[in-house]
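Laboratory data are not the source of any read-out in this text; all were calculated from the coordinates shown. Owing to the predicted nature of the structure, the values given are computational and were not obtained by experimental measurement. Glycine gets a Cβ as well: all are built from the backbone with ideal geometry, and neighbour counts include every protein chain shown.
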């Protein structure tokens, strides 16, 4: 088994991050992977809650201030590379992803030599739980349509943050994940776009995405600004404005 790091990203998820960690500790992946929560400068009880699990092997890196999900994922990738991990798994810190599916993603890298494994709620065996808002349904289907159009590769769920990546991918200088325009929601579709268009072996696997009760909040993404942030890499890379 290769050395694997699982990294949920959290900002002000004090209720949901507790459930996220507890579900991982009870999952089939516990004991097979290392677990590191990247806390993107939370100002509620998120930091304290994460620290409560330190004795159970839950690590954390905390940003001094909120820097964006792209920056948080970059922090996770850099940490994993410095510590000689071979595979990184990125997942949500808001309890939307099923930790029992971590090894489903990892096995595609470890056993079948894929470089980029994208979780998809829209494959035949994928599932959506809870009450997914209508606008989210529309946005999460429009994005892969445009993504597939520009990359000329069929992708069903390009906005799903649950994915496994072979870390040697970042040795390629054509994947410049340190660019400042990737600090928010841009980094995740950027990485998938690069993996697909540079000829790396990628695959989608079915996963479950569970939406929490409305009162707990669906997402931190701001309308319009956040939507453009996640669409931007498709157009910037597709038209050659950025590299």
- Note on the structure: Only helices counted: for the chain, with every DSSP H run of 4 or more residues adding -39500 (n - 2.57) and the sum spread over all residues, [θ] at 222 nm is -10500 deg cm²/dmol
- Query: From the Cα gyration tensor of the stretch 9-111, with a ≥ b ≥ c the square roots of its eigenvalues, which class applies: rounded if a/c is under 1.5, or else prolate if a/b is larger than b/c, or else oblate?
  - Reply: oblate
- Among 150, 177, 134: highest mean-square fluctuation, GNM of the chain, C-alpha pairs under 10 Å: 134
- Query: By its C-alpha gyration tensor, with a ≥ b ≥ c as the square roots of the eigenvalues, how is the chain shaped: rounded for a/c under 1.5, else prolate for a/b larger than b/c, else oblate?
  - Reply: rounded
- Task: Identify which of 111, 186, 13 has the largest mean-square fluctuation in a Gaussian network model of the chain, with springs joining Cα atoms closer than 10 Å.
- Result: 111
- Footprinting proxy, 176, 39: sorted fewest to most Cβ within 10 Å, the residues are 176, 39
- Item | Order of 169, 5 under a 10 Å beta carbon neighbour criterion, fewest first | 169, 5
- Per the C-alpha gyration tensor (a ≥ b ≥ c, the square roots of its eigenvalues), the stretch 123-202 is rounded if a/c is under 1.5, else prolate if a/b beats b/c, else oblate; here it's prolate
- Name the most mobile residue of 101, 56, 179, meaning the one with the largest mean-square fluctuation, in a Gaussian network model of the chain with Cα contacts below 10 Å. 56
- Ranking 7, 78 by Cβ neighbours within 10 Å, fewest first, what do you get? 78, 7
